[in-house]
Amino acid sequence: MVRKRLNNPIYYQEIVNRISMLSKNSIGKWGKMNVCQMLKHCDLVLQVALGKFELPRINVIFEAVGIFTKIEMHIFNNGIPRNMPTFQKLIVNFECDFDVSKTNLLKTLEEFREVCEKNNLPDRHRLFGTMTEKDWTFLEYKHLDHHLKQFNV
């Protein structure tokens with residue numbers, strides 16, 4: 001079973017190509033975000049891995065659920081279910097500029113790739129607990145894949 005990760009050049013390029021296929025008229029199959037809001041949301045999530053965006057502390061029970069979810073995703077290679085709750089700070093429910101959001105996400109994605117090459121990713125995540133490079137690159141791929149599927153690319 002293939003486990004796609006963003007540190008693999010083939011899967012990294014796949015994600016870049018899929019993002020490039022989006023237009024400001026792309027319509028989501030589920031959820032409340034429009035395409036611009038989704039791009040901004042994905043950018044913020046990647047910024048967490050870069051240490052540029054800090055998530056609030058959470059209840060130990062929620063962290064236990066997050067750790068279990070991370071393990072389950074690795075074992076079963078499953079995706080993220082639709083309409084999952086997220087951190088309030090990662091919810092984008094305001095208007096934004098499509099071209100700016102798309103450009104920013106692609107820049108942040110490139111920065112993520114560079115940080116991976118330097119083995120400089122954080123060792124913890126507020127929800128998923130202890131993190132390795134494999135965890136970050138796998139979960140970030142899964143997150144981007146989830147939202148790109150949401151918008152049919």
Q: Mind listing just one residue for me: the one in region 66-79 that is exposed (fewer than 13 other Cβ atoms within 10 Å of the Cβ) and without any contact (Cβ under 8 Å) to a residue 12 or more places away in the chain and, of those, nearest to residue 148 (Cα to Cα)?
A: 78
Q | Residue count, region 1-42 (criterion: at pLDDT below 95, open to solvent by 70 Å² or more (accessible area, probe 1.4 Å) and not basic (Lys, Arg)) | A | 2
Q.
Here's a check for you: in region 43-64, which residue that is outside any loop (DSSP other than H, G, I, E, B), touching a residue at least 24 places away in the same chain (Cβ under 8 Å) and over 25 Å from residue 151 (Cα atoms) is most open to solvent (accessible area, probe 1.4 Å)?
A. 62
Q | Single condition residue 87 does not satisfy, out of (1) of a type outside the set (Val, Ile, Thr); (2) at positive phi; (3) touching a Pro at 6+ places or on another chain (Cβ under 8 Å) | A | (2)
Q) Can you tell me which residue in region 136-153 is surrounded by the fewest Cβ atoms within 10 Å (Cβ to Cβ), limited to those that are under 15 Å from residue 78 (Cβ atoms) and in contact with a helix residue (DSSP H, G or I) (Cβ under 8 Å, 6 or more places away or on another chain)? A) 145
**Q.** Unique match (being of a type in the set (Asp, Glu) and modelled with pLDDT under 90) among 54, 72
**A.** 54
Q: Filter region 80-134 for residues that are touching a residue at least 24 places away in the same chain (Cβ under 8 Å), of a type in the set (A, V, I, L, M) and not in a loop (DSSP other than H, G, I, E, B) and give the result.
A: 90, 105, 106, 109, 115
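The values are calculated or read from the model by the stated rules, or taken from the named source; none is laboratory data. As the structure is a prediction and not an experimental result, all values here were calculated from the model. Cβ: placed from backbone, ideal geometry, glycine included. Neighbour counts: every protein chain shown. The area values use the complete protein model at the heavy-atom level, side chains included, leaving out ligands, DNA and RNA. Shrake-Rupley method; radii C 1.70, N 1.55, O 1.52, S 1.80 Å.
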